[in-house]
Amino acid sequence: MTPEAITLLLKEATEAFTAIDGKPSDDDILAIRETLLPLLMDIPFDLVGGIHSLTGLITETATYEADHGNNAFVRPARLPLYDSTIPDDATTVARVKRETAHKALVDDYASYEAAERGVARFLREVVDDLWINDLKDADTFYTKVTALEIMAHLDANSGGLHAIDMIALRTAMHGYYDQSDGIPQYIALLEDAQKKAKRAQMPIADAELVMMASTAVLAVQHFPREVDDWEGLPSNARTWPAWKTAFRLAHLKRQRQVLASKGGEPLAGANAVTPVTGAMEAALDNLALAATSNKATVQQLTAANLALTTTVATLTATNKKLVDAAAKKKPGAGTGVAKTPDSDKAVPGGYCWTHGHRVKKSHTSATCASRAEGHDEKATAKDTRGGSDANKDWHKA
């Protein structure tokens with residue numbers, strides 16, 4: 001890649017990036033890195049050694065070394081166009097090798113220089129001058145300030161992630177399912193939150209993700225069969241990778257069912273808040289108010305949150321068993337009078353396969369929310385399809 005191409009690449013990235021309004025936050029700095037690192041990784045560099053990359057322009061030393069075999073990034077020096085150290089009597093093969101290696105180093109420097117200037121310009125343009133003004137020299141301005149120095153300054157002055165942020169983050173994670181359009185997006189939101197906690201050095205374990213996600217799908221009953229299969233697995237098999245695999249597949253199956261029925265309910269907004277979930281959220285709010293910068297306190301609160309999540313999962317599972325047991329009763333069984341929701345609003349001609357004839361206008365076999373085993377959505381008052389005959393002539397009485 002030529003220096004001109006590198007300059008253009010970073011110029012386009014600068015124009016596409018939305019300028020940061022106000023003081024850069026941890027999320028803003030992460031967005032900067034997510035934009036620049038892939039571009040720097042793709043620029044050819046260190047063709048002779050094959051070790052380094054230009055990500056070293058904005059990556060702190062420890063992180064860079066960990067990603068490059070414990071090798072620190074060394075800024076290349078400008079070299080003369082020709083390698084004067086090649087002996088005059090060198091063989092043709094030796095001369096070609098030395099010249100090729102020298103040209104590669106010359107090209108490395110050209111790429112480095114174009115990338116350094118482009119990245120530094122990117123940072124100066126997307127961040128308000130107010131927040132990097134301390135680096136500005138009275139005579140040389142920003143010309144001698146490297147991109148890495150700007151990033152280090154932003155990191156040091158962004159405020160980072162506070163303990164209270166981590167409590168608020170965990171609280172927010174319990175609402176991610178409602179916000180998601182599907183399981184893949186839900187997984188992405190949880191893992192982004194996990195990465196954020198890791199940056200704050202207050203990690204969220206995979207086991208906590210499993211409990212949060214399992215509680216969410218239990219509460220809404222979008223995937224009853226898959227939930228039963230999951231709960232039947234041994235505890236050591238209920239890992240986060242296994243959860244992602246199982247429920248991504250469940251999501252695809254449900255998507256096909258929704259398409260086949262030409263409708264259905266999107267994941268977002270479908271999760272009704274249960275009393276247990278409400279209690280959990282209230283508890284988490286209290287944790288957030290009590291949070292301090294003391295990391296030990298946060299760890300204690302996190303442990304309490306984890307125990308609370310486990311309790312919610314247990315209560316939800318118990319509630320599901322009771323609901324399933326009630327649903328398996330034969331329609332119209334018992335007293336011969338089926339339980340009919342909102343019977344005072346029932347209209348003649350209405351029908352539900354499970355609840356019989358005395359149902360409100362909006363309650364049909366297709367819209368029934370509490371179905372018995374074998375429920376047939378196509379059943380009507382004219383064609384009950386073997387459904388309940390409860391209250392058949394109620395309107396004539």
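Where a number appears in this text, it was derived from the coordinates with a stated rule and is not lab data. Every value quoted in this text rests on a predicted model; they were computed, and no experiment measured them. Positions of Cβ are generated from backbone atoms using ideal geometry, with glycine treated the same way; all protein chains shown enter the neighbour counts.
Here are the numbers for this structure:
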item	result
Net +/- balance of residues flanking Pro3 in space, Cβ distance below 12 Å, scoring K and R +1, D and E -1	-4
R0 of 22 Å, Cβ-Cβ distance Ala94-Leu47: FRET efficiency to nearest 0.05	0.70
Phi to ³J(HN,Hα) by Karplus 6.51 cos²θ - 1.76 cosθ + 1.60 over the stretch 186-198, Hz, x for Gly, Pro	4, 4, 4, 5, 5, 6, 5, 5, 4, 5, 5, 5, 5
Approximate spin-label separation Asp83-Asp393, in nm, with each point projected 7 Å along Cα-to-Cβ	10.6
Length added when fully stretched, Asp206-Leu249, from 0.36 nm per residue minus Cα-Cα	13.5 nm
Fully extended contour minus Cα-Cα distance, from Ala66 to Leu30, at 0.36 nm per residue	11.1 nm
For Ile132, net neighbour charge (Lys/Arg +1, Asp/Glu -1) across residues whose Cβ lies under 10 Å away	-2
Rg and Dmax [Cα atoms of the stretch 153-235; Å; Rg one decimal, Dmax integer]	15.1, 52
³J(HN,Hα), Karplus 6.51/-1.76/1.60, whole Hz, each residue of the stretch 347-357, x for Gly, Pro	10, x, x, x, 7, 9, 3, 7, 9, x, 8
Cα centroid of the stretch 351-397 to Cα centroid of the stretch 157-227, whole Å	41
Built amide H within the under 5 Å cut-off of Gly356, gap 5+	Ser388
Rounded to whole Hz, the Karplus (6.51, -1.76, 1.60) HN-Hα couplings of the stretch 67-77, x for glycine and proline	8, 10, x, 6, 9, 6, 6, 10, 5, x, 9
Residue-span extension gain [Val347 to Leu37] - 0.36 nm each, minus C-alpha spacing	105.1 nm
Charge context of Ala246, other residues only, Cβ under 12 angstrom, K/R +1, D/E -1	+1
In nm, spacing of pseudo-spin labels at Gln221 and Lys360 (7 Å Cα→C-beta vector)	1.8
Rough spin-label spacing in nm, given labels placed 7 Å along Cα→Cβ, for Leu130 and Glu149	2.4
Percent RCO, i.e. relative contact order, over the stretch 3-157, from Cα pairs under 8 Å lying at least 6 residues apart	35
Sparse-neighbour loop sites [trypsin sites (Lys or Arg not before Pro); the stretch 100-198; at most 16 other C-beta within 10 Å; DSSP]	Lys136, Lys144
